[in-house]
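The values are calculated or read from the model by the stated rules, or taken from the named source; none is laboratory data. Keep in mind that this is a model prediction, so the values were computed, not measured. Cβ atoms come from the backbone with ideal geometry, glycine included; neighbour counts cover every protein chain shown.
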Amino acid sequence: MCEANVVTSIQVADATFVAAAPALVADVIADRARWRRWWPDLSLTVTEDRGAQGVRWTVDGPLRGTMEVWCEAVLDGFVLHYFLHAEPAGSLGDRIAGSAADLAQENKQRRVAGKVMSFAVKDDLESGRIVGGPAVGVQASGLDASGVGTH
């Protein structure tokens with residue numbers, strides 16, 4: 001039996017390269033005070049804490065759905081992937097029901113919030129790094145961030 005997947009009205013997917021060792025990101029992403037700054041109107045419940053690989057949440061409040069930050073080791077840093085899949089709820093849902101323009105604006109607002117979060121993580125972890133220099137926290141050991149030899 002085939003079941004159709006439901007596509008939500010709010011769909012955000014973003015990726016940002018961070019020139020820092022993946023092990024450094026766990027504390028930043030796990031900091032609940034940052035969540036409040038990044039997503040002040042959302043109530044987040046952790047469904048999976050994957051340490052340096054990221055966090056998955058359920059989302060409640062003006063949106064209901066799921067959200068994820070996934071950190072994928074790449075070269076000497078990582079790609080921070082951000083996903084939000086949700087439906088407007090409560091008064092927000094009532095306000096934008098049937099309005100393509102309002103739904104598009106809500107999607108844009110959530111994309112911007114995701115990019116603000118990604119750049120905040122990037123700024124924090126790359127602080128003091130010389131442009132073009134090695135990633136922060138990666139030893140000059142001949143290994144990339146995932147532990148694979150580069151020579």
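Given the structure, is Leu24 surrounded by 13 or more Cβ atoms within 10 Å (Cβ to Cβ), more than 13 Å from the chain's Cα centre (by Cα) and touching a residue at least 40 places away in the same chain (Cβ under 8 Å)?
Details: surrounded by 13 or more Cβ atoms within 10 Å (Cβ to Cβ): yes; more than 13 Å from the chain's Cα centre (by Cα): yes; touching a residue at least 40 places away in the same chain (Cβ under 8 Å): yes.
Criteria met by Leu24.
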Residue within the range 44-54 that is within 13 Å of the chain's Cα centre (by Cα) and on the phi > 0 side of the Ramachandran plot present: yes
Tally of residues being farther than 24 Å from Pro88 by Cβ and at pLDDT 90 or above across the range 1-21: 7
So Leu44, is it modelled with pLDDT of 95 or more and closer than 14 Å to Asp124 by Cα: no
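For the condition over 14 Å from the mean Cα position of the chain (by Cα) and within 20 Å of Arg111 (Cα to Cα), what is the one hit in Val7, Val18, Val69, Val79? Before the answer, list the steps.
Numbers: Val18 fails: over 14 Å from the mean Cα position of the chain (by Cα); Val69 fails: over 14 Å from the mean Cα position of the chain (by Cα); Val79 fails: over 14 Å from the mean Cα position of the chain (by Cα).
Exactly one of Val7, Val18, Val69, Val79 is over 14 Å from the mean Cα position of the chain (by Cα) and within 20 Å of Arg111 (Cα to Cα), namely Val7.
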